[in-house]
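This report concerns only the one structure given below.
The values are calculated or read from the model by the stated rules, or taken from the named source; none is laboratory data. Quick caveat, the model's predicted, so the values are computed rather than measured. Heads up, the Cβs are rebuilt from the backbone with ideal geometry, glycines too, and the neighbour counts pull from every protein chain shown.
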Amino acid sequence: MGLCSKPNKASKTKDASQSVKADSAVQPCPLKDANIVSVAWWVNDKEEASGTQWVNLPVEDKWVDGVDVKHKDWLGMKPSLKVKFDKPGAHSFKLTLLKPSGTDEYTATEKARNSHFKYTETIVNGTTDSDGTKVIKNAVELVAGGGYKFKVEAVDSKGKKVKTGILKTKRKFYYVEAKMKNLTSVLSSTAPVDAEYKKHHFEPSKLTALEIPLQENIGNRADSTMLSSNIVAAIDADAEVKEKNKYLLVVAYTDHLAVKNSGVDISKDNINVGPGKADAIIPVIAAGLLSPYTVDTRYLWHDLVGSESWFVSAEFHRNGGGVEVIPEAKVSADGSGDFWNKVKVDVTGMAVGVGRIVVKVNVVDRMRGGLALGGANQTCVCTRAWWRDQPNAKQECTIIHEIGHKLGMVAAGTGISPDKHATHYENKGHAGNHCFNGCSPGLSNYQGTANLTASTCVIFGAVNQKNAYCANCEKVVKKLDINAGF
């Protein structure tokens, strides 16, 4: 079908006296001079020279918002194309998805771990329909990362080449603030959060905030479980938010995120007790829960949860034998402002003697700036720490940091993640995977003021008020695969 019949050869007669006459003029084959004229991205039954492909979102109308995503054909990793020739008929062609520019190429180890890190490199063969055009669907696949710039090259049977314009990959996620009732120092604007992620080819879309019940402190698993349950209930009650749940992150604001070390013994020897004797002053010193061999000054657990006291018990161990209970009324906190790092014991009501005083107390092990909660899409940021309101800069840093964890930072080079980078560390004074860029390499513990000050990346393990990813991390952030959602 579509072939041209050959012209008849000139006829001959047996009579040599007759002249040999040629047939009338040959009609040219209409396919012979057909040329490929264009290949373009095919969106909403129209040719598009260039555009943005939202590679993580499914090809469904529910993700079309008319602002960022204007048609579902801009969704997913398999864009459509249209090839056009200058004449009708069935014309053969070849398509090639060219090597992308922009974001760094995925490494061989990354491609081996995650098929979404590999684009279509094989040649696609095709033939146009009778009108000389062809729409091609699901033939080429992009990658899951953001900032990759793809073009397709099409070649006809005569070697003529045409190319599309650039199709750039981006990833989109939604987020919603969940604000506890009666908080007074919630972050005033999330614009800095949006700006940082836009730099790395994400498009964060904020939904209308939710309200959740107040919890005085999120300090243990039970607190976190309750917070997660409250968040889920609030999402379920809001149809717009619930619809986006697969690609939704929640930023919950709470008061404190303090961790309690319960029942710590502090003591002092050779204390003289009895009428007229001086108060016994005992420093609050204890090991850390994350660093059990690091003994340091701690602060008493007070004014964090209304029903919880810092005091547990007190005893006097008299030299020569005997243990006496010291009433709570005789024990008081000492320190500066809210930072109570000493205990004062009134010993004047005791019989004269010498011995050891042991006070069992609850102390603050650490104050966290934020958490990636057990719920797959939930993060939490404190609005107060160390009994003080947190400034915007700290809350911004915390939100960028915790969203980063939910997106897959810091990549450890396992599962579907990109390769581990040079300044990655795990569980060295901070729980989980973080980045020590700016600090000395090879440390066993990255806690402390010196490391906090030296750190240069928002994914350092403590709130350093840096709002940007370092050069090592930003290369990884651009490569992250969030196709599965949260």
Could you say whether any residue in the stretch 329-338 is part of a loop (DSSP other than H, G, I, E, B) and under 43 Å from the mean Cα position of the chain (by Cα)?
-> yes
Restricting attention to the stretch 152-179, and to residues there that are over 30 Å from Tyr253 (Cα atoms) and among the small types (Gly, Ala, Ser), which single residue is surrounded by the most Cβ atoms within 10 Å (Cβ to Cβ)?
-> Ala154
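Residue by residue, here is whether (1) over 19 Å from Lys199 (Cα atoms); (2) part of a strand (DSSP E or B) holds:
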| residue | (1), (2) |
| --- | --- |
| Ala411 | no, no |
| Ala422 | yes, no |
| Tyr425 | yes, yes |
| Lys428 | yes, no |
Checking Ala139, Ala154, Ala195 in turn, the sole residue that is assigned to a loop (DSSP other than H, G, I, E, B), at pLDDT 95 or above and not assigned by TED's automatic domain parsing to the domain that holds Asn467 turns out to be Ala139
Of all residues in the stretch 70-108, which are buried (at least 19 other Cβ atoms within 10 Å of the Cβ) and aliphatic (A, V, I, L, M)?
-> Leu75, Met77, Leu81, Val83, Leu95, Leu97
Of residues in the stretch 90-131 being β-branched (Val, Ile, Thr) and touching a residue at least 24 places away in the same chain (Cβ under 8 Å), the one farthest from Ala40 (Cα to Cα) = Thr109
Test Gly404 against the criterion of being closer than 26 Å to Tyr253 by Cα, over 12 Å from the mean Cα position of the chain (by Cα) and buried (at least 17 other Cβ atoms within 10 Å of the Cβ), and give yes or no.
-> no
Pick from Lys428, Lys406, Lys475: which is of a type in the set (D, E, K, R) and at pLDDT 95 or above?
-> Lys475
Only one residue in Val295, Val273, Val251 is closer than 26 Å to Trp386 by Cα and touching a Phe, Trp or Tyr at 6+ places or on another chain (Cβ under 7 Å). Which one?
-> Val251
Right, Gly146: touching a residue at least 12 places away in the same chain (Cβ under 8 Å) and not aromatic (Phe, Trp, Tyr) or not?
-> yes
Residue set Pro418, Pro391; condition under 22 Å from the mean Cα position of the chain (by Cα) and not assigned by TED's automatic domain parsing to the domain that holds Thr103; output residue Pro418
Got a sec? Which of Gly442, Gly432, Gly438 is touching a Gly at 6+ places or on another chain (Cβ under 9 Å) and under 29 Å from Tyr106 (Cα atoms)?
-> Gly432
Which one is surrounded by the fewest Cβ atoms within 10 Å (Cβ to Cβ), of the residues in the stretch 439-483 that are closer than 30 Å to Trp54 by Cα and without any contact (Cβ under 8 Å) to a residue 60 or more places away in the chain?
-> Ala471
Search result, residues across the stretch 157-169 that are assigned to a loop (DSSP other than H, G, I, E, B) and within 19 Å of Leu75 (Cβ to Cβ) | Thr164, Gly165, Ile166
Identify the residue in the stretch 283-299 that is among the hydrophobic types (A, V, I, L, M, F, W, C), over 31 Å from the mean Cα position of the chain (by Cα) and under 19 Å from Ala431 (Cα atoms) and, among all such residues, is modelled with the lowest pLDDT.
-> Val295
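Residue-by-condition table, conditions (1) touching a residue at least 60 places away in the same chain (Cβ under 8 Å); (2) under 30 Å from the mean Cα position of the chain (by Cα); (3) over 26 Å from Asp296 (Cα atoms):
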site: Ile235; (1), (2), (3): no, yes, yes
site: Ala239; (1), (2), (3): no, yes, yes
site: Lys246; (1), (2), (3): yes, yes, yes
site: Ala252; (1), (2), (3): yes, yes, yes
site: His256; (1), (2), (3): yes, yes, no
site: Ser262; (1), (2), (3): yes, no, no
site: Lys268; (1), (2), (3): yes, no, no
Selection count where residues are more than 17 Å from Thr383 (Cα to Cα) and either among the β-branched types (Val, Ile, Thr) or surrounded by fewer than 14 Cβ atoms within 10 Å (Cβ to Cβ) (or both), scope the stretch 181-194 | 1
Please work out if Val186 is within 20 Å of the chain's Cα centre (by Cα) and more than 30 Å from Trp41 (Cα to Cα).
-> no
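Yes/no matrix, rows are residues, columns are (1) closer than 21 Å to Asn483 by Cα; (2) of a type in the set (Val, Ile, Thr):
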position: Leu75; (1), (2): yes, no
position: Ser80; (1), (2): yes, no
position: Val83; (1), (2): no, yes
position: Gly89; (1), (2): no, no
position: Lys111; (1), (2): yes, no
position: Ser115; (1), (2): yes, no
